[in-house]
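Notes for the one structure printed next.
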């Protein structure tokens, strides 16, 4: 099915179901081995290395929704937030889910670009070693692969851990597993129950 590109970028069908839980899953990130005073909130940035013929329709980190990555590849917009240990340790991972769309370029300049769904993926992604917390940057690569680095240097800057335009960087990425939908019906039901418990405990914070 071909869809106008602006409709895809601006609409996110999962958001209405997850609106109350956008940050709840992400703030649970990687807490198992860290104390409360050893964690801090950091912003999320995202980049795709799929070329101008693709975009990431939507992506999630530990069930938190973090938007889309446009056809130019992203690397500028940041969103809030995940929590990270102030000191990296082995075993840090995040659950990443994302949906890839292929952009259809019209032959007639008067026609709009359209997109077609190409695949949905899920991966348990190691957070690569860092010396100090910075932006949490999710890098998407072709063939359903993804990396996570933490850096105070933007993805377009010199010194960022992943070099833009270097095809070898994707060889270190984690391969995602194709899935049929971002969340199963059972997961959505669990999220709704968690949201209801949080509203009862903390009130409706919307």
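The values are calculated or read from the model by the stated rules, or taken from the named source; none is laboratory data. This is a predicted model, so every value here is computed, not measured. With ideal geometry, Cβ positions are generated from the backbone for all residues, glycine too; neighbour counts draw on all protein chains shown.
Would you mind stating whether residue 68 is modelled with pLDDT of 50 or more, in contact with a helix residue (DSSP H, G or I) (Cβ under 8 Å, 6 or more places away or on another chain) and at negative phi? Yes; evaluated as a whole, the condition is true for this residue. Within segment 51-76, the set of residues being in contact with a strand residue (DSSP E or B) (Cβ under 7 Å, 6 or more places away or on another chain), in a strand (DSSP E or B) and within 22 Å of residue 132 (Cα to Cα) comprises 61, 75. Segment 111-190 holds strands (runs of 3 or more DSSP E) entirely within its bounds, and those carrying 3 or more residues that are modelled with pLDDT under 95 and more than 17 Å from residue 94 (Cβ to Cβ) map to 114-126. If you check 199, 193 for being farther than 30 Å from residue 52 by Cβ and in contact (Cβ under 8 Å) with a residue 40 or more places away in the chain, only one passes: 199. Restricting 147, 97 to those that are touching a helix residue (DSSP H, G or I) at 6+ places or on another chain (Cβ under 8 Å) and under 14 Å from residue 46 (Cα atoms) reduces the list to 147. Pairs meeting the criteria (first residue in segment 128-152 and on the phi > 0 side of the Ramachandran plot, second residue assigned to a loop (DSSP other than H, G, I, E, B), beta carbons under 7 Å, at least 6 apart or on different chains) are 144/176.
Take residue 28 and tell me if it is within 24 Å of residue 170 (Cα to Cα) and either modelled with pLDDT under 95 or in contact with a strand residue (DSSP E or B) (Cβ under 7 Å, 6 or more places away or on another chain) (or both). In short, no.
Being touching a strand residue (DSSP E or B) at 6+ places or on another chain (Cβ under 7 Å) and farther than 19 Å from residue 58 by Cα is not true of residue 178. Of all the residues in segment 179-206, those that are under 25 Å from residue 118 (Cβ atoms) and surrounded by 10 or more Cβ atoms within 10 Å (Cβ to Cβ) number 7.
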